[in-house]
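Asker: My questions all concern the structure below.
The values are calculated or read from the model by the stated rules, or taken from the named source; none is laboratory data. Remember, it's a predicted structure, so these values are computed and weren't measured experimentally. Positions of Cβ are generated from backbone atoms using ideal geometry, with glycine treated the same way; all protein chains shown enter the neighbour counts. SASA here: full protein model, heavy atoms, side chains in, ligands and nucleic acids out. Shrake-Rupley method; radii C 1.70, N 1.55, O 1.52, S 1.80 Å.
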Amino acid sequence: MSLPKIDEKYFTTFLVDLLNIASPTGFAEPAIEFVEKELSKYKQLELSRTRKGALVAKWKVESDLPPVALTAHVDTLGAVVKEIKSNGRLKLSRIGGLQWPTVETEGVWVITAKGEKIRGSVLIDTASGHIYGTNDTPRNDAHMEVRLDARTTSEKETRALGINVGDCVAFDTRTEVTGGFIRSRFMDDKACVANLVAAIKSLADSGQSPVRSVYFHISNYEEVGHGASAGIPSDVAELISVDMAVVGEGQESDEFHTTLCIKDSGGPYHEGLNKKMRGIAEKHGIPYKTDVYPFYGSDGEAFWRAGGDVALSLIGPGIDASHNYERAHMDGLNATTNWIMAYLLER
Ligand SMILES: [Zn+2]
């Protein structure tokens, strides 16, 4: 059996569009809506939402096999306004594992509760080189601030712009498609959402169906650790968490392969399902690695911790410089889409 062809142009356009939608955890609804709109084009899928706001797409198939599920997340790192300073600038509270040095000088949108957007950038509070020289102020919550591109020098003037404590702060992604690479913030995990959507498209376009019913779970709270803890139906026998593979010194993963994670901070994944995934990859000639991730947890593990009784594996494309200025290559991305399709077509 050969796999349907991947529409790379569709994949890239969808991914870039998704990356351009701000969706920090807790403010991911616009990204969920975007995926929902795209998946609503496929008449094979029954769409629903969990109360928590995750998107579930069911591809129902008559089969003697129990259903399976795949999950990927659209929420990203980000911040909220923690405090409006007396000089009109903003202190932030970080969402997820955001590290300050990775966003110093980055452009941001402050998105108010009313949906208004105010532009700004993230700076250290001792930013001027002509005042502080090469300053060694620590890059931490106390010293990083947002300078708004609006005329304000006081708390009152900033409040008059409509900004309040708790407003969403979204960082620019600096997305660039360049020579087979896609370089952007938040490839984690929008790349894998694109993998799922591209796999659905290729199967649907080629007139093929999964061999059993499948739930595609698009999670909206992964970066804070509990995304897929709810919303996976109890009759699901196998769950594939599709999320980025860790690339860097000491890692097996790279940008040109997809990876099967054997163990991360949450411990080992399911040996039996891992074995099945390796067999499928080998049968279809999918370039994959196995790896261990030092500081990592997945939505699949969130479901396990919540009491989910499934076999669980974690697969995904190699992403360089994760939770930083990330980068992936089409080879690793295509390998992941192919692995998803092969999994859906094999018993
Ligand atoms: Zn992720």
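Asker: Against the condition within 19 Å of the chain's Cα centre (by Cα), within 16 Å of the ligand (Cβ to nearest atom) and modelled with pLDDT of 95 or more, how does A199 come out, does it pass? Break it down into steps so the answer makes sense when it comes.
Answerer: Details: within 19 Å of the chain's Cα centre (by Cα): yes; within 16 Å of the ligand (Cβ to nearest atom): no; modelled with pLDDT of 95 or more: yes.
The answer is no for A199.
Asker: So G300 passes all but one of these: (1) assigned to a helix (DSSP H, G or I); (2) among the small types (G, A, S); (3) over 22 Å from G97 (Cα atoms). Which condition number does it fail?
Answerer: Condition not satisfied by G300: (3).
Asker: If you don't mind, there's one more thing I want to ask. Of the residues that make up region 126-133, is at least one closer than 19 Å to S93 by Cβ and either modelled with pLDDT of 95 or more or aromatic (F, W, Y) (or both)? Working first, answer last.
Answerer: Here is the first cut: in region 126-133, the ones closer than 19 Å to S93 by Cβ are none.
Scanning region 126-133, I find no residue that is closer than 19 Å to S93 by Cβ and either modelled with pLDDT of 95 or more or aromatic (F, W, Y) (or both), so the answer is no.
Asker: Out of everything in region 93-133 that is of a type in the set (V, I, T) and under 20 Å from E29 (Cα atoms), what residue ends up being most open to solvent (accessible area, probe 1.4 Å)?
Answerer: Our first condition is that a residue be of a type in the set (V, I, T); within region 93-133, this holds for 95, 102-103, 105, 108, 110-112, 118, 122, 124, 126, 131.
Among the residues that remain, those that are also under 20 Å from E29 (Cα atoms) are: 95, 108, 110-112, 118.
Numbers: I95: 18, V108: 0, V110: 0, I111: 41, T112: 11, I118: 22 Å².
Per the stated criteria, the residue is I111.
Asker: Working only within region 172-192, note down all residues that are within 16 Å of the ligand (Cβ to nearest atom) and more than 17 Å from V246 (Cα to Cα). Spell out how you get there, then give the answer.
Answerer: Pass one, region 172-192, residues within 16 Å of the ligand (Cβ to nearest atom): 173, 182, 184-192.
Answer for region 172-192, where residues must be within 16 Å of the ligand (Cβ to nearest atom) and more than 17 Å from V246 (Cα to Cα): just T173.
Yes/no per residue for (1) aliphatic (A, V, I, L, M); (2) touching a Lys or Arg at 6+ places or on another chain (Cβ under 7 Å); (3) assigned to a loop (DSSP other than H, G, I, E, B); (4) open to solvent by 50 Å² or more (accessible area, probe 1.4 Å):
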residue	(1), (2), (3), (4)
L260	yes, yes, no, no
G272	no, no, no, no
L314	yes, no, no, no
N324	no, no, yes, yes
R327	no, yes, no, yes
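Asker: If you don't mind, there's one more thing I want to ask. Among all residue pairs at least 6 apart or on different chains, which show Cβ distances below 7 Å where the first residue, located in region 127-148, is touching a residue at least 60 places away in the same chain (Cβ under 8 Å) and part of a helix (DSSP H, G or I) and the second is of a type in the set (D, E) and open to solvent by less than 80 Å² (accessible area, probe 1.4 Å)?
Answerer: none
Asker: Being open to solvent by less than 10 Å² (accessible area, probe 1.4 Å) and either in a loop (DSSP other than H, G, I, E, B) or touching a residue at least 24 places away in the same chain (Cβ under 8 Å) (or both): is that true of I232 here? Outline the logic, then answer.
Answerer: Details: open to solvent by less than 10 Å² (accessible area, probe 1.4 Å): no; either in a loop (DSSP other than H, G, I, E, B) or touching a residue at least 24 places away in the same chain (Cβ under 8 Å) (or both): yes.
No, not satisfied.
Asker: Let me ask something else about it. Name the pairs whose Cβ atoms lie under 8 Å apart, with the first residue in region 283-307 and within 15 Å of the ligand (Cβ to nearest atom), the second among the aliphatic types (A, V, I, L, M) and assigned to a helix (DSSP H, G or I), and 6 or more positions between them or separate chains?
Answerer: Close Cβ pairs satisfying both conditions: D299/A228; G300/A228; A302/A228; F303/A228.
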